[in-house]
Amino acid sequence: MLRTHTCHALNSQHLHQNVILCGWVQNIRDKGTILWIDLRDHYGITQLVAEKDKNSVNVIQAIKTLSRETVIQVKGQVIERASKNKNIPTGDIEVSIESINILNHATLLPFPIHDKQAVSESLRMQYRYLDLRRKTLQDYLRLKHQVIQSVHQFLDQHQFLHLETPHLIKSTPEGARDFLVPARQLEEHFYALPQSPQMLKQLLMVAGFDRYYQIAKCFRDEDLRADRQPEFTQIDCEMAFIEQEDILVLFEQLIKTIFQQTKNITLPKFKRMPYTQAIQQYGTDKPDLRWGMPFFDLKQAIPPNDFPLWKNQTHIKGIIVDDLDGMYTRKKIDQLKGALQKFHPVVGSRLVYIKYKKDNTIVSSINRFFTSAQLQAFLQTIQAKPGHLVCILAGDDQPTQDALAMLRQIVIQNKIDAQSLPLQDFIPVWITDFPLLHWDGDVQKYTAMHHPFTAPQLPEEGWGQLDLYPEKVKAQAYDLVINGVEIGGGSIRIHQKQLQEKILQLLGFTPKTMQQQFGFFLNALQYGAPPHGGIAIGLDRLCATMQGTHTIRDFIPFPKNHQGRDVMMEAPSRLDLV
Ligand code: ASP
């Protein structure tokens, strides 16, 4: 037996026991007559001690040769610590060393293993296996494991079968580029790695499996950000004979169960918000509702006036920002304006502010144009209170909406930086009633808002709407957003061949290209495909959000860097084609 206990296990109940521990030398403190070692393993840290008068000369000598991160086995006796450490479970005891066996010596590391050290990201990525020794990352990956266990348990209890789908497939469109794998036996032929198992999981429904799920790897070749990786994991699900409402209810329950079981957090009831409302009130379909601040519309409320910034503008909208601590000085507001102008020079330059100070006085950038009674009336209309800063933008619909959403985001970031607390920790919301299609001006084509297999909100006799007003048709699609992060999304699918062909045609496919890319799938729909629908939840993103971060690579043991490279293995790399 290499060890009797882990480095997390010992406490005052084990006093005077002889134990054997294994682990890494995290730290050595040499106080002359007494030496301490912090011994670390995956589970925790135990302090080891050796005193010149009490422990053998061999032990003292062995300790002096140890370097950090050397792997050792220690035999000794559990004794009470003189100065206790209440922060760790082993803090009441230490192990008096009787012998040390060096299991593997470590040379000088490129960086020390602890969270506080500022080490460049690229060095951490190059030595990922050392970075992973950090407690934070080990805790994050353990959380991910626990989430997966919770998912397996919940979905198993709800009759889902875990079924595998292949990684070498024909392209499934999810809006990104495919990663391609050359086929050795067929020249100029390629497999695509799945952007998601979308068509395959639908085919499993055609095959008669009632409920499918998979902890599925997905591959998307797209620009990377902190919350994106080229390969990531989804909790991918599909159900037959199901309606949107059933899916929203069941998956609300799943997410609540995950939070409860792994973090002991009770989530509030999930909100529901149609897409149009989200855009009108927050300028985004991923609103972070923890901070309030919905947009207000002044267009109707303002008195007739020749104020040049607002005259003839189709949209006059704003937000009310809490400024109880007076953070928004003139300089700070100018910075906000600068940031907005960089984003949209015209709309940004129109930023108007009204500061309703705590002493009830009003300072604003539009004093010259409005009487103070008019300003008071504005403030009343929008229900602003003393301690509020009101920011207003005006212009065309889209840019005003986008600029205001950006302003709201900057204000939220300022709040986060100032460590001001959100109204609530987690606010999940289902965004529903998305448009089915989106007109892409660049390529002069409709693209699917969700994906081409999503069913429209139309009864069969209404399919003609698709020809008449395609952009007005809504989808039976839904996204789950928590704290401004899109955690997942799904839809009820098209299960009739004729409708699927119609949608593909709207998306610009000719009968020939449709056949080439989706022939097998269209074919399957004519052999009794049941009504079905599903959802996929981004596992890495869910974990990151639960942990209050956006950095999903911390939840992936071996992630790619921001250029999509694995700098540890040096992948991608040139092939030696011998
Ligand atoms: N396949 C979709 C995605 O990966 C999810 C779904 O519709 O189930 O986003």
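Stretch Val71-Arg29 to full length: gain in nm at 0.36 nm per residue minus the Cα-Cα span?
So the chain would gain 13.4 nm between Val71 and Arg29.
Could you work out how far the C-alpha centroid of segment 131-151 sits from that of segment 503-578, in angstrom?
Each part's Cα centre sits 23 Å from the other's.
For a quick protection proxy, order the peptides 492-500, 232-240, 309-317 by their average other-Cβ count within 10 Å, most packed first.
Output ranking for 492-500, 232-240, 309-317: 232-240, 492-500, 309-317.
Amide H of Ala475 versus every other amide H placed in the peptide plane: which residues, excluding those fewer than 5 positions away on the same chain, fall under 5 Å?
Phe434, Leu436, Gln457
Under a straight-distance cross-link criterion of Cα-Cα below 20 Å, which lysines are reachable from Lys201, leaving out those fewer than 8 residues away in the same chain?
Reachable lysines: Lys170, Lys217, Lys497.
Based solely on its DSSP helices, what 222 nm [θ] is calculated for the chain when runs of n ≥ 4 H residues each add -39,500 (n - 2.57) and the sum is averaged over all residues, nearest 500 deg cm²/dmol?
It lands at -8500 deg cm²/dmol.
Would you please classify the overall shape of segment 395-514 from the alpha carbon gyration tensor, given that a ≥ b ≥ c denote the square roots of the eigenvalues, rounded means a/c under 1.5, and beyond that prolate means a/b larger than b/c while oblate covers the rest?
In terms of gyration-tensor shape, prolate.
Carbon and sulfur: what percent of the chain's accessible surface (1.4 Å probe)?
51 percent
Largest first, what is the accessible-area ranking of Tyr212, Tyr469 with a 1.4 Å probe?
Tyr469, Tyr212
If each residue of separation counts as 0.36 nm, what is the full-extension length gain between His189 and Thr361 once their alpha-carbon separation is subtracted?
54.7 nm
Normalised by the number of residues in segment 318-469, what is the relative contact order in percent for Cα pairs under 8 Å and 6+ residues apart?
Relative contact order here is 23 percent.
With a 1.4 Å probe and every protein chain left in place, tell me how much accessible area Lys415 has, in Å² to the nearest 10.
Spelled out: Lys415, probe radius 1.4 Å, area about 30 Å².
In Å², what does the accessible area per residue of the chain work out to with a 1.4 Å probe?
Per residue, the chain has an accessible area of 51 Å².
If contacts are Cα pairs under 8 angstrom and at least 6 residues apart, what is the relative contact order of the chain in percent?
Dividing the mean separation by the residue count of the chain yields 13 percent.
Using only the Cα atoms of segment 61-202, what semi-axes does the equivalent ellipsoid have when each is the square root of 5 times a gyration tensor eigenvalue? Give whole Å, largest first.
Working from the Cα gyration tensor, I get semi-axes of 47, 24, 15 Å.
Using DSSP, restrict attention to beta bridges with both residues in segment 156-291 and report what percent are antiparallel, rounded to the nearest 5.
Given both bridge residues lie in segment 156-291, the antiparallel proportion sits at roughly 90 percent.
Would you mind giving the three semi-axes, in whole Å and largest first, of the ellipsoid equivalent to segment 458-578 according to its Cα gyration tensor?
For segment 458-578, the ellipsoid semi-axes come out as 37, 24, 14 Å.
Could you pull the accessible area for Met406 with a 1.4 Å probe, rounded to 10 Å²?
Counting only protein heavy atoms, the figure is 60 Å².
Over segment 205-251, what relative contact order in percent results from Cα pairs under 8 Å that are six or more residues apart?
Once normalised by length, the contact order is 42 percent.
Got a number for the accessible area of Trp439? Probe 1.4 Å, square angstrom, nearest 10.
120 Å²
Regarding the chain, what's the average projected area of the Cα-atom convex hull, expressed in nm²?
Over every viewing direction, the Cα hull of the chain projects on average to 36.4 nm².
What number comes out for the charge environment of Phe520, summing +1 per Lys or Arg and -1 per Asp or Glu over other residues with Cβ under 13 Å away?
+2
Over 30 Å between Cα atoms, which of Lys311/Lys337; Lys269/Lys560; Lys311/Lys355; Lys144/Lys286 qualify?
Lys269/Lys560
When the solvent-accessible surface of protein heavy atoms is calculated with a 1.4 angstrom probe, in what order do Thr545, Thr361 fall, highest first?
My answer, sorted largest first, is Thr361, Thr545.
So between Ile215 and Gln424, what do we pick up on full extension, going 0.36 nm a residue minus the alpha carbon distance?
Additional length available on full extension: 72.3 nm.
Quick one: order Ser573, Ser67 from most to least accessible surface, probe 1.4 Å.
Ser573, Ser67
Using Cα atoms only, what is the angle between the long axis of helix 397-417 and the major principal axis of the chain, expressed in degrees (0 to 90) to the nearest 10?
With both axes taken from Cα atoms, the answer is about 20 degrees.
What does the charge count around Met239 come to, taking other residues whose C-beta lies under 13 Å from its C-beta (Lys +1, Arg +1, Asp -1, Glu -1)?
In short, -3.
Give a quick list of trypsin sites (Lys or Arg not before Pro) in segment 543-578 that DSSP marks as loop, anything other than H, G, I, E or B, with at most 12 other Cβ atoms within 10 Å.
Arg574
Please list log₁₀ I(q)/I(0) at q = 0.16 Å⁻¹ for segment 343-414, using the Debye equation with identical point scatterers on the alpha-carbon positions.
-0.62
Could you pull out the pairs from Lys75/Lys263; Lys299/Lys357; Lys445/Lys474; Lys263/Lys317; Lys263/Lys332 whose alpha carbons sit more than 27 Å apart here?
Cα-Cα > 27 Å for Lys75/Lys263; Lys263/Lys317; Lys263/Lys332; rest within.
Would you mind classifying segment 269-338 by shape? Square roots of the alpha carbon gyration tensor eigenvalues, ordered a ≥ b ≥ c; an a/c under 1.5 is rounded, otherwise it is prolate if a/b is larger than b/c and oblate if not.
Note, shape of segment 269-338 comes out oblate.
If you find the alpha carbon centre of segment 193-268 and of segment 389-417, how far apart are they in angstrom?
Distance between centres, Cα-based: 32 Å.
For the Cα atoms of the chain, what angle does the longest principal axis make with the long axis of helix 330-343, in degrees from 0 to 90, nearest 10?
Roughly 70 degrees between the two axes.
For the chain, what proportion of DSSP beta bridges, expressed in % and rounded to the nearest 5, is antiparallel?
90 percent
The values are calculated or read from the model by the stated rules, or taken from the named source; none is laboratory data. Owing to the predicted nature of the structure, the values given are computational and were not obtained by experimental measurement. Don't worry about glycine lacking a Cβ; one is built from the backbone with ideal geometry, like all the others, and counts go over all protein chains shown. Accessible surface areas use protein heavy atoms only, side chains included; no ligands, DNA or RNA. Shrake-Rupley method; radii C 1.70, N 1.55, O 1.52, S 1.80 Å.
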